[in-house]
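Before anything else, here's the structure in question.
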Amino acid sequence: MFNLEPSEEQKMLQDMTRSFASEQMRTVAHECDEACMLASGFLDRAWALGLVSAAVPAEYGGTGFERSAVAGALAAEELSWGDLSLALAMLSPALFTIPVLKWGTPEQKKALLPLACGDSHPHLTAAVMEPFMLFDPAGMRTAAVRANGSYVLNGRKCLVPLGGTAEKFIVYAARDGQKGYENVLGLVVDRAQPGLTIGGRERNMGISALDTVELELEDVTVGGDAVLGGEEGMDFKALVSASRVALCALAVGTARAANEYARQYALERNAFGEPIAHRQAISFMLAEDYMEIEGSRLLTWESAWRIDAGLDAFKEAYLAKLYIDQVVVKVTDDAVQTLGGHGYIREHPVERWLRNGRGFCCFEGLSIV
Amino acid sequence: MISFEIPSGVENVSQMFRNLAMEYMRKWARWADDHEHERCTEWVDFMWVFAKNGMMGPMASGMSRKKKEGEQKDKHRVKYQNLVMAAAVEQMSWGDAGLYLSMPFMGLGGAAIAAVGTDEQKQRFLTRFSTSETPVWGAMAITEPGAGSDSAAIRATAELDEATNEWVINGEKIFVTQGKSAAEDSNGVVVVWATRDRSAGRAGMKSFVVEGGTPGMTVTKVEHKLGIRASDTASIVFEDCRIPFDHVLGDPEVKTGFKGAMATFDATRPMVAASAIGIGQASLERAKELYEENGGELRYGANPNTLGAAERDLMLMEAQIKVSRLLTWKAAWMADAGVHNNLEASVAKAKTGKAVTWVSNKAVEIAGPLGYSKNELLEKWLRDAKINDIFEGTGQINTLVVARQIFGLSSKELR
């Protein structure tokens with residue numbers, strides 16, 4: 001029944017991710033962003049939380065907890081409050097593992113899931129986006145053409161998280177170049193596959209600590225057994241929704257970080273003899289942003305809950321993302337504005353949050369609950 | 001455990017009121033807007049029978065709040081009472097917000113009694129809403145010519161005449177929703193905010209129940225308004241208006257007055273938001289229909305940069321309504337759970353008042369000349385929607401409430 005109170009288990013997850021975010025992410029976020037690299041040992045420390053392997057059934061070596069999109073959204077918000085680059089990095093193996101768990105054939109599960117149950121961060125990721133304007137996941141240009149029981153892949157992918165070090169990818173491609181979600185295939189591609197070129201590290205406006213790459217696929221040929229779900233295929237539309245919910249939660253965490261920081265600053269910064277928070281020009285702006293964050297979180301949770309309840313969440317997740325992509329830009333921009341010149345220099349984190357927040361409107365498939 | 005599953009009780013009430021709105025409200029909507037200050041008797045009589053047959057269900061006992069220790073269990077109290085009420089209010093406002101406000105009902109005055117009155121006061125003042133032969137209204141009188149959002153500046157006074165143990169009320173109230181219906185046209189109840197001691201500021205503020213027809217209470221004016229014209233908005237003058245001592249709500253002592261009175265807003269603000277959402281939903285649905293009749297398509301899922309301007313607006317309108325509804329339900333759900341919801345009630349009200357004004361405006365814009373024409377209800381919904389960003393605290397006042405809370409600032413620090 002209608003209830004907005006997280007369960008005891010969900011609260012534990014929230015607490016765990018929140019303390020990890022403040023102890024292991026906030027502390028290094030600035031340096032990582034400046035150096036354009038993750039902190040040494042970060043991925044393994046994050047992996048030790050067991051966020052991804054928890055969902056893998058015990059028979060494949062995981063913990064076998066029940067998977068829930070709501071729990072995923074709660075964790076994602078806390079982690080991106082810590083830092084978006086680091087959150088996307090530590091969650092990237094889920095982009096590989098969750099689709100296998102959900103749609104993989106028994107053989108694929110047996111072969112691939114144990115890879116995500118070791119002691120250290122597994123080098124697994126996925127490639128969804130393409131470097132073209134007006135990219136639409138239902139109209140990919142990367143094609144998988146069937147030939148003699150194999151699939152031949154051609155196309156370009158971009159913003160592949162931790163692609164530079166990944167051993168295996170799920171590459172999404174349009175079956176025989178056809179449009180529509182129902183024609184999207186997920187194909188497991190090895191790093192060493194002939195025809196696959198892993199580009200250099202991309203340079204983006206934000207998420208700088210995250211290593212993202214472009215992939216070029218030139219007649220990459222994989223067997224029929226590389227197709228996720230085999231003959232049955234997968235529900236790519238559901239995957240897109242689960243990804244949008246994750247991105248919404250990450251956007252909420254980013255916005256919350258910026259709003260909290262700006263509010264604190266406004267209480268400490270004096271002008272004309274009193275804190276600037278005493279002025280409605282500042283406090284109303286930040287109060288409105290607070291309300292938008294509250295609303296965005298509920299929108300995210302509702303879509304996540306629909307996924308868990310087995311209801312269609314496609315429209316809800318799309319609308320949530322459409323809305324929250326705007327909220328996160330406004331909130332992070334207002335945070336920079338609150339700090340004025342101090343917000344523009346890199347000593348304060350708000351400019352980083354604005355650069356990160358700006359990314360959401362072009363992200364698809366970069367994370368998953 | 002986080003869940004958005006709508007309780008079946010809420011769903012049933014929602015369905016029932018949607019049907020009622022469709023059958024009995026939409027058909028009078030334009031007439032009532034065109035005939036300001038006339039009573040839509042068919043609607044009022046119908047609703048009175050409906051209410052007396054117990055069809056208003058849990059709404060009859062008003063909105064609930066956290067129970068004080070040792071307080072009797074309210075037999076009318078049901079689980080999800082505020083959520084049920086929010087659903088009913090939304091659907092009726094989808095039918096017509098003016099008619100919803102004008103129905104014979106305890107209104108905000110009754111809600112205040114239900115929220116802060118003693119069991120005995122509830123019995124005495126609220127029973128009439130289910131037993132009277134003829135329709136009865138309730139109203140709340142706060143605003144004065146010189147005190148709107150700044151309710152601490154209220155000048156109306158209540159003096160205790162110790163000889164007769166009566167309160168003597170003097171002052172002028174304006175913008176009283178259903179004030180004429182409650183004070184003059186029925187044996188209703190008007191909850192009046194007045195100060196026991198002007199020098200005490202907010203602490204002196206108390207609310208008092210004045211029954212319809214009490215000598216000394218006179219309706220002096222009924223306003224002509226932008227929207228919600230089916231509902232009367234009255235000026236009421238109190239001249240040595242005498243009421244019994246036990247008509248004071250809450251603790252009669254001076255020291256704790258204002259807080260108790262303000263607490264009723266925590267229950268009523270989400271309901272104003274729910275009403276706004278009903279209007280917004282109506283605007284959205286009609287604008288979508290016209291858009292689709294005109295061959296337009298809503299391509300949910302498409303890259304946002306490929307959407308048409310109207311298509312994108314319609315989607316954002318839908319998202320705005322969803323956000324508003326979720327925030328409102330959160331505030332109502334907290335009230336049902338007995339959790340303090342002052343912040344959330346103001347968040348819901350501030351966000352929704354603004355969002356729905358925008359949504360109904362966009363609906364008129366998208367429908368073009370059809371939206372502007374009185375052949376459609378879109379222009380009326382825009383006029384009706386606007387009040388929700390004004391009454392029960394303007395958007396700015398509610399934003400101020402939110403800002404003070406999240407910054408932890410007092411009303412002296414953040415003015």
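Could you list all residues from the stretch B:390-401 that are without any contact (Cβ under 8 Å) to a residue 40 or more places away in the chain and either buried (at least 24 other Cβ atoms within 10 Å of the Cβ) or in contact with a Lys or Arg (Cβ under 9 Å, 6 or more places away or on another chain) (or both)? It would help to see each step written out before you state the result.
First, pick out the residues of the stretch B:390-401 that are without any contact (Cβ under 8 Å) to a residue 40 or more places away in the chain: B:390, B:400.
Of everything in the stretch B:390-401, just one residue is without any contact (Cβ under 8 Å) to a residue 40 or more places away in the chain and either buried (at least 24 other Cβ atoms within 10 Å of the Cβ) or in contact with a Lys or Arg (Cβ under 9 Å, 6 or more places away or on another chain) (or both), namely B:Leu400.
Sticking with this one: For the stretch A:160-180, does any single residue satisfy the condition of being within 14 Å of chain B (Cβ to nearest Cβ) and farther than 23 Å from A:Leu84 by Cα? If you could, list the steps in order and put the result at the bottom.
Step one: list which residues in the stretch A:160-180 are within 14 Å of chain B (Cβ to nearest Cβ), which gives A:179-180.
Filter once more, keeping what is farther than 23 Å from A:Leu84 by Cα: A:179-180.
Checked the stretch A:160-180: at least one residue is within 14 Å of chain B (Cβ to nearest Cβ) and farther than 23 Å from A:Leu84 by Cα.
To continue, here is another question. Of the residues that make up the stretch A:50-67, is at least one among the aromatic types (Phe, Trp, Tyr) and either over 18 Å from the mean Cα position of the chain (by Cα) or under 21 Å from A:Asn204 (Cα atoms) (or both)? Show your work before the answer.
Keep residues of the stretch A:50-67 that are among the aromatic types (Phe, Trp, Tyr), which gives A:60, A:65.
Pick out the ones that are also either over 18 Å from the mean Cα position of the chain (by Cα) or under 21 Å from A:Asn204 (Cα atoms) (or both) and you get A:60, A:65.
Checked the stretch A:50-67: at least one residue is among the aromatic types (Phe, Trp, Tyr) and either over 18 Å from the mean Cα position of the chain (by Cα) or under 21 Å from A:Asn204 (Cα atoms) (or both).
Let me confirm something: among A:Asn204, A:Asn154, A:Asn183, A:Asn148, which residue is farther than 27 Å from A:Asn356 by Cβ, touching a helix residue (DSSP H, G or I) at 6+ places or on another chain (Cβ under 9 Å) and not acidic (Asp, Glu)? Explain how you work it out, then say what you get.
Numbers: A:Asn204 fails: farther than 27 Å from A:Asn356 by Cβ; A:Asn154 fails: touching a helix residue (DSSP H, G or I) at 6+ places or on another chain (Cβ under 9 Å); A:Asn148 fails: touching a helix residue (DSSP H, G or I) at 6+ places or on another chain (Cβ under 9 Å).
None of the other options fit; the residue is A:Asn183.
If you don't mind, another one. Look through B:Glu292, B:Glu285 and report the one residue that is of a type outside the set (Phe, Trp, Tyr), surrounded by fewer than 21 Cβ atoms within 10 Å (Cβ to Cβ), touching a Phe, Trp or Tyr at 6+ places or on another chain (Cβ under 9 Å) and away from every other protein chain (no Cβ under 14 Å). If you could, list the steps in order and put the result at the bottom.
Numbers: B:Glu292 fails: touching a Phe, Trp or Tyr at 6+ places or on another chain (Cβ under 9 Å).
Just a single option satisfies the conditions, and that option is B:Glu285.
Still on this structure, I have one more. List, please: which pairs have Cβ atoms under 7 Å, are six or more places apart or on different chains, and start with a residue in the stretch B:314-331 that is more than 7 Å from chain A (Cβ to nearest Cβ) and end with one that is among the basic types (Lys, Arg)?
If the second residue must be among the basic types (Lys, Arg), the pairs left are B:Leu314/B:Lys288; B:Met317/B:Lys362; B:Ser324/B:Lys351.
Another question, then. In the stretch A:233-244, is there at least one residue being within 11 Å of another protein chain (Cβ to nearest Cβ), touching a strand residue (DSSP E or B) at 6+ places or on another chain (Cβ under 8 Å), surrounded by fewer than 24 Cβ atoms within 10 Å (Cβ to Cβ) and small (Gly, Ala, Ser)? Spell out how you get there, then give the answer.
Kept after step one, since they are within 11 Å of another protein chain (Cβ to nearest Cβ), are these residues of the stretch A:233-244: A:237, A:240-241, A:244.
Now drop any that are not touching a strand residue (DSSP E or B) at 6+ places or on another chain (Cβ under 8 Å), which leaves none.
No, the stretch A:233-244 contains no residue that is within 11 Å of another protein chain (Cβ to nearest Cβ), touching a strand residue (DSSP E or B) at 6+ places or on another chain (Cβ under 8 Å), surrounded by fewer than 24 Cβ atoms within 10 Å (Cβ to Cβ) and small (Gly, Ala, Ser).
Now for a different question. Starting from residues that are assigned to a helix (DSSP H, G or I) and more than 8 Å from every other protein chain (Cβ to nearest Cβ), keep the ones in the stretch A:267-286 and report whichever is farthest from B:Lys412 (Cα to Cα).
In this case the residue turns out to be A:Met285.
Check A:Asp289, A:Asp312 and return the single one that is outside any helix (DSSP H, G or I) and within 13 Å of chain B (Cβ to nearest Cβ).
Values: A:Asp289 fails: outside any helix (DSSP H, G or I).
Matching residue, one of A:Asp289, A:Asp312: A:Asp312.
Only residues in the stretch A:233-261 that are closer than 30 Å to A:Gln337 by Cα count as the first member; pair them with residues that are crowded, with 24+ Cβ neighbours inside 10 Å and among the acidic types (Asp, Glu), Cβ under 6 angstrom, at least 6 apart or cross-chain, and list the lot.
Filtered contacts from the stretch A:233-261: A:Ala249/A:Glu77; A:Val252/A:Glu77; A:Gly253/A:Glu77; A:Asn259/A:Asp289.
Right, another one. Of the residues A:Leu366, A:Leu322, A:Leu339, which single one is within 14 Å of another protein chain (Cβ to nearest Cβ) and either hydrophobic (A, V, I, L, M, F, W, C) or surrounded by fewer than 18 Cβ atoms within 10 Å (Cβ to Cβ) (or both)?
Numbers: A:Leu366 fails: within 14 Å of another protein chain (Cβ to nearest Cβ); A:Leu339 fails: within 14 Å of another protein chain (Cβ to nearest Cβ).
The conditions single out A:Leu322.
From the list B:Ala112, B:Ala152, B:Ala163, B:Ala139, which one is at pLDDT below 90 and either in a loop (DSSP other than H, G, I, E, B) or under 20 Å from B:Asp232 (Cβ atoms) (or both)?
Values: B:Ala152 fails: either in a loop (DSSP other than H, G, I, E, B) or under 20 Å from B:Asp232 (Cβ atoms) (or both); B:Ala163 fails: at pLDDT below 90; B:Ala139 fails: at pLDDT below 90.
Result of the check over B:Ala112, B:Ala152, B:Ala163, B:Ala139: B:Ala112.
The values are calculated or read from the model by the stated rules, or taken from the named source; none is laboratory data. Note that the coordinates shown come from a computational prediction; the quantities given were computed from them, not determined experimentally. Glycine also receives a Cβ, built like all others from the backbone with ideal geometry; neighbour counts cover every protein chain displayed.
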